Every structure is written in C-alpha cells, then in structure tokens.
Amino acid sequence: MNQKRHIPCLLMRGGTSKGAFFLENDLPAQQEARDRVLLKVMGSPDPKQINGLGGATSVTSKVAIVGVSRRPDADVDYTFAQVSVDKPLVSYKGNCGNISSAVGPFAIERGLVKVTEPVTTVRIHNTNTGKIIEAEVPVEHGCVKYDGDYQIAGVKGSGAPIKLKFLRPAGTISPRLLPTGHAVDTLEVPGVGSIQVSLVDAANPLAFIRASDVGLTGAELPAQIDSDPALLDKLERIRGVAAVKLGLISDYTTSAWECPGLPKLTLVAPPQDYTTSDGKEIPAGELDLLSRMMSMQKTHSSYAMTGAMCTAAAAAVEGSVVQQVLGPQADLQRLRIAHPGGILEAGVDFQPGQDEPHILDTFGFRTANLLMEGNVYCCE
C-alpha cells in the first residue's frame, strides 16, 4: 500500500522561470527515490502535467533543493533539477540562472541566513556547476522585499531588483572558458553539413551558431520554430554533435535523453528591428544582438539567465560567433540581448589572456516572487 507523505514546499518565480523550492532535508537523500518524488510532484511524464505542479513547459517544470552550505565560502548549497515534462527524466546537468534568483529569497524565508537591511547578500554554492553566485536581495522590516518598480522582459508587472553576480563562472564542465581551446569550431553534422559553432563554458555551457547558417533571421518567435518538426530535428542534431564534441555523450542521437539541457543551443544574429511574443516592436538601436535559445528541445520563451551570463562571456572572446554579430555600439558592461520576450541586459568583467579572456565575473538583474507556501503531497 502506498504511503501518502506531505513535503513542505514553496512555489516561487525566479526571473522568467517558476519552480518548487525544497529544503534539502525534506527530500529523500538517495537520488533515485528523490527523482521519483520530483516526477510525481511535477506530474511528469505528461505533456499537460495535469496531476502535478508543473506548468507543461520547461521553464515551469523546475526544482530548487537548498540547504546550509558545507563550504566556508558560501551560505547555502543549491541543487537545480530540471524535470522533463514528457519524459520520466530528472536532469541535474547545469544550473538555471532564473531559478537561482529566487534561491536567496528562499534562504531568507526559511531562516538559513542572517538578515541585514536594506540588502542581504546570500552566497550561493551551486552544486551542479561547483560555482559561487552572490545574490543581493532587497529586505524591508526583516522580510524579503518582493515589490518594486524594476521590470524584466518576459514577466508582467514589476518587482524589486535582485543582482546576481556569478563569480569566476568559466569552466563548469571543463577546466576553461573554451573547452576545445578554439573560439570557433566546425562541426560535421549528419544530414545538415558543416556548421560553425562557438562552444563556451561560463555559468552553463552554450553552443552558439549563427541563425543565418540554419536559414533563420534570428527574429523568429518560438511558435514559428516549434511548429517546424524538420527544423527542430536539425537543431537537435547540431546540439547533439556539440554535446559529443564537449565529451558529454558519445552518440549524438541520444542527446535528448542523455543530456537534454546541455549544451544549450543558442542562435545569434546582428541587431535588427523585431517584434516580441506579446507584439511589442523593438528597433534595432535598442539591442546589441538577437538571440534565440533552445531549452529541452523547444524554443525558450525568453532567455536563460545562465545563458545571458555565458553570452556576455562569449562576447569577450575574440572572433567568437557572438562577437561576430555584435552591433557597433555594444557595451560589455551592459550587453543588450534581444530574446522573444524583450531585452535582457548582462555584463562581464574580464582580463585579456593569451589564449582566452580570464572571466572575473558576469552579472545581471532579475526579480523573484513567492507564490505559495504549503505542503505538496505524493504517494510512495
């Protein structure tokens, strides 16, 4: 007979993502048992996730697991889990920067850190990548301040800005920023041909290609890309070959199962006028590059925060695909990335190097919100 258990949970929005947040000690320690719980909590596998908390998209099927850090240079340990919508799969490869923006508020809500006003800095150790993120969380009267007038593209309304600084973000799956040692590699992709790619590893590994190399302008909206099965297959083939190049898998045809989230295939294009998913027209002068990111074999509705961090780092690499498409006015302290939801700004501090730049940190601003506090129920 199955035993019903209730697990304390906060449902939170972080940036343009939404997920279930748990204390580490409230979940099974053994990964297989924990994965079963997370799949049931989210209602996966099911394209509608009708029997769980998931929202039927990759950006609303996420989990954060947080506890007091075991490291002296961090306050909390945070593990990110991407729960597949339509597969019985929980992936721990890579981090989610948007979900990361709600980890600091969660740590304060759960009393894991000492609160200081008006800003509490939470040092977050992301266990997926081994990297430290500093989150500057606004606090008022001893509580997280969620309301404010800062707006981010892809989220209706406004909130209090949370600054995220990714310290020494290079090398999450390899020892360096450029895992292959090259600013540009040429991939031979079965059924596609030769594709130039920049493989960059900062905050998360991304594979950057020019949108024009796959017959796109870079201004396409997610529905246009996702409604073309042949195009999706082509993009996943490219991503799969990139994953093999990075040593993540040995067979590109297994990419959707063995490493569904990494590397994130990212299409880039020079600045041009474009229209966002909600119909807003943005002139070319307000952006530095157009970008479309793939997430779990579909087009990201906005842009991953870790992706923005990696894009900023890639912009500092001489000759990279990203640098090739940058507009003439691009400022790497305020790089304006145009995605389907609007504009996301990111920055990078770096020192020139002989083979590749030394990335000191990347940074950006997000908002977060506490949506629900309670217990989630599942049977084991």
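The values are calculated or read from the model by the stated rules, or taken from the named source; none is laboratory data. The model shown is predicted, which means the values in this text are computed figures rather than measured ones. Note that we place each Cβ from the backbone using ideal geometry, even for glycine, and neighbour counts take in every protein chain shown.
Among the residues of the stretch 90-135, those that are assigned to a loop (DSSP other than H, G, I, E, B), buried (at least 19 other Cβ atoms within 10 Å of the Cβ) and in contact (Cβ under 8 Å) with a residue 60 or more places away in the chain comprise Lys93, Gly94, Asn95, Cys96, Ser101, Ala102, Thr129.
Surrounded by fewer than 14 Cβ atoms within 10 Å (Cβ to Cβ), more than 28 Å from Ile343 (Cα to Cα) and at pLDDT below 95: is that true of Pro175 in this structure? The answer is yes for Pro175. When the stretch 181-213 is filtered for residues that are buried (at least 16 other Cβ atoms within 10 Å of the Cβ), of a type in the set (Val, Ile, Thr) and either touching a residue at least 60 places away in the same chain (Cβ under 8 Å) or not in a loop (DSSP other than H, G, I, E, B) (or both), the ones remaining, listed by number, are Val184, Val189, Ile195, Val197, Val200, Ile209. The residue that is modelled with the lowest pLDDT, among those in the stretch 8-21 that are within 15 Å of Cys96 (Cβ to Cβ) and not small (Gly, Ala, Ser), is Thr16.
Of the residues Arg5, Arg70, only one is more than 22 Å from His125 (Cβ to Cβ), at pLDDT below 95, of a type in the set (Lys, Arg) and surrounded by fewer than 16 Cβ atoms within 10 Å (Cβ to Cβ); which? Quick ask: steps written out before the conclusion?
Numbers: Arg70 fails: more than 22 Å from His125 (Cβ to Cβ).
None of the other options fit; the residue is Arg5.
Just one of the listed residues (Arg123, Arg168, Arg176) is charged (D, E, K, R) and on the phi > 0 side of the Ramachandran plot, and it is Arg168. Among the residues making up the stretch 218-271, those that are over 20 Å from Ser198 (Cα atoms) and among the hydroxyl-bearing types (Ser, Thr, Tyr) are Ser227, Thr253, Thr254.
Condition first: of a type outside the set (Phe, Trp, Tyr), more than 21 Å from the chain's Cα centre (by Cα) and in a helix (DSSP H, G or I). Now tell me which residues in the stretch 246-263 satisfy that. Working first, answer last.
At the first step, the residues of the stretch 246-263 found to be of a type outside the set (Phe, Trp, Tyr) are 246-251, 253-256, 258-263.
Filter once more, keeping what is more than 21 Å from the chain's Cα centre (by Cα): 250-251, 253-254.
Within the stretch 246-263, Thr253, Thr254 meet the criteria.
Can you tell me which residue is nearest to the chain's Cα centre (by Cα) among those in the stretch 149-158 that are under 9 Å from Thr367 (Cα atoms) and of a type outside the set (A, V, I, L, M, F, W, C)? Applying the filter and picking the extreme gives Gln151. Every listed requirement among (1) in a loop (DSSP other than H, G, I, E, B); (2) buried (at least 16 other Cβ atoms within 10 Å of the Cβ); (3) free of Cβ contacts under 8 Å to residues at least 24 places away in the same chain is met by Gly157 save one, (2).
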